Amino acid sequence: MRVAHLLKKYREKINPPYHNKSDLIVLIGTIFILVAIPLTTIAVQRSREPTGLAVAGTANMYLSPASQSVNQNTNFTVEIREDSGSELVNAIQANLTYDSNKLDFVSVTTSAAFEIEAETFGSGGIIKIARGTITPKSGDQLVATITFNPKQSPGATSVDFSANSKVVSSIDNTDILATTSSGTYTIVDPPPTVSISAPTNNSVVSGNVTINATASDDIGVTRVEFKLDGAILIGSDTTSPYSINWDTTTTSSGSHSLTAEAFDISSSTVFTINVTVDNEPPSTPSGLTATAVSSSRIDISWNASTDNVAVTAYEVYRNSVLIATIATTSYSDIGLDASTSYSYFVKAKDNEGNISPASSTASDTTLKLGDLNNDGFVDVVDLSILLSAWETSDPTADINSDGDVDIVDLSIMLSNWTF
């Protein structure tokens, strides 16, 4: 019923002119109510309608990283991201294609921004991901993360967005996706890894040496070559553990490099260490002398040898039998028989076991028992020396070397007395 008609009916009932103020008040109140009701209804209806429309074609969906080099047989991840700017969105549909001859689809990880998973499919070169959120998002957001595994097929490959990818506005539920950006990924065959475990870097080597190396590759090591000074092939090995024998005597003494080069089907890697080859023996010891000190001891001494690296020891031989290895240039040979001739020579050694030629021979004869002054006689002079050291431990007069100068030593002296 129209407002004018209601007013007319009302006026007929109250039959103006109005006789009192109350009639006028009732009239005005009625008019206000009749106008307010439809206006309120309109306002409520409009409050339930969207406040505005989304801006069409403002969102971008892209892959991150957009390009990357990846190793074959090694998983890598790609993020699907959307940027809606200031527009609020609550649903994403990301459809992608990839070359299944280059990549294997592994998995999809949902992001916290779009927590509702509606669809996840990945196989045969096609990926479909549908995600939503109860809390609309704006700006740059992570939608999901895809994991791929590159096949043994080096080269570039792409992951592309396909038809029906959408970014849906939460304002009017329309697709506001404007652009998509694909990704390009280059599959590479990583070179093998290799290292030399023996000998160690900067070590000194001599004679026959075993060179050991460790090597690995994502597909397989085909061989490891060992070279001297980067050019001379010592040998190669095709099975792990990789090792060869090196006769260093065929190499000049001095500094050299050793390399191990590991090969796979398409590339190689080189590992290098430095060594010092020492096959040079020390010089021959010279100036050897032998001096009988007592009836049971002979002292020998000699001049030091030289070496291209260092002399570390001397071998002492008595009557051609090795009796000691020492670091000094003198030696006391004890426990010998009295009045007996002994001959000596020495050899010098370095740390690598290189041994010099033998020195010249030196000989001497131990003294008679009781000949304490080394004059070749056992007489009153020796007796005087013995008695002067009586009941001491003087080694000069201790003929039997028991630690005491006593009656036994006197008996031995008298038994060897020179008349």
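Coordinate-derived values only; no laboratory data. Just so it is clear, the model here is predicted, and its values are computed rather than measured. Positions of Cβ are backbone-derived with ideal geometry, glycine not excepted, and every protein chain shown enters the neighbour counts.
The mean sequence distance of close C-alpha pairs (under 8 Å, at least 6 residues apart), as a share of the length of region 263-379, puts its relative contact order at 30 percent.
The charge dipole of region 193-277, taken about the Cα centre with unit charges on the Cβ atoms of Lys, Arg (+1) and Asp, Glu (-1), comes to about 200 debye, rounded to the nearest 20. From the mean inverse distance of alpha carbon pairs (Kirkwood) and the Cα radius of gyration, derive Rg over Rh for region 110-232. On the Cα set of region 110-232, Rg over Rh gives 1.29. Hey, what's the Kirkwood Rh for region 64-173 if you take every pair of different alpha carbons, in angstrom? Taking every pair of different Cα atoms in region 64-173, averaging 1/r and inverting gives 14.5 Å. Ranked for footprinting exposure by Cβ neighbours inside 10 Å, fewest first, SER283, SER67 give SER67, SER283. Take 290-301, 179-190, 379-390 and order them by the average number of nearby Cβ atoms within 10 Å per residue, most first; the result is 290-301, 179-190, 379-390. Take every Cα pair under 8 Å whose residues are at least 6 apart in sequence, average their separation, divide by the length of the chain, and the relative contact order is 10 percent. Dividing the alpha-carbon radius of gyration of region 193-277 by the rule-of-thumb value 2.2 N^0.38 Å gives 1.04. When the Cα positions of ILE134, ASN400, MET413 are compared along the charge dipole of the chain, ILE134 comes out farthest toward the positive end, with charges on each C-beta of Lys, Arg, Asp and Glu. Taking every full run of DSSP H in the chain, the ones that stretch at least 20 Å from end to end by Cα along their long axis and average 0.5 or higher on the Kyte-Doolittle scale are 21-47.
The convex hull around the C-alpha trace of the chain, projected and averaged over every direction, spans 49.7 square nanometres. The slack in the chain from SER384 to ASN245, taken as 0.36 nm per residue of separation less the alpha-carbon distance, amounts to 43.2 nm.
Summarising the overall dimensions of region 175-223 from its C-alpha atoms, the Rg and Dmax are 23.3, 79 angstrom. Using the Cβ-Cβ distance between SER162 and THR109 with R0 set to 25 Å, the FRET efficiency works out to roughly 0.75. Could you compute the FRET efficiency for THR77 and ASP172, with r as their C-beta to C-beta distance and R0 at 25 Å, rounded to 0.05? In this case the efficiency is close to 0.15. A simple packing score, the average count of other Cβ atoms within 10 Å per residue, orders the peptides 325-334, 252-261 as 252-261, 325-334, with the highest score first. Helical runs assigned H by DSSP (4 residues or longer) give the chain a calculated mean residue ellipticity at 222 nm of -4500 deg cm²/dmol, each run adding -39500 (n - 2.57) before division by the residue total. Quick one: how many lysine pairs in region 59-188 have C-alpha atoms under 20 angstrom apart, if they're 8 or more apart or on different chains? Within region 59-188, the lysine pair count is 4. A Förster distance of 41 Å, applied to the separation of the beta-carbon atoms of ILE334 and VAL309, puts the FRET efficiency at 0.80.
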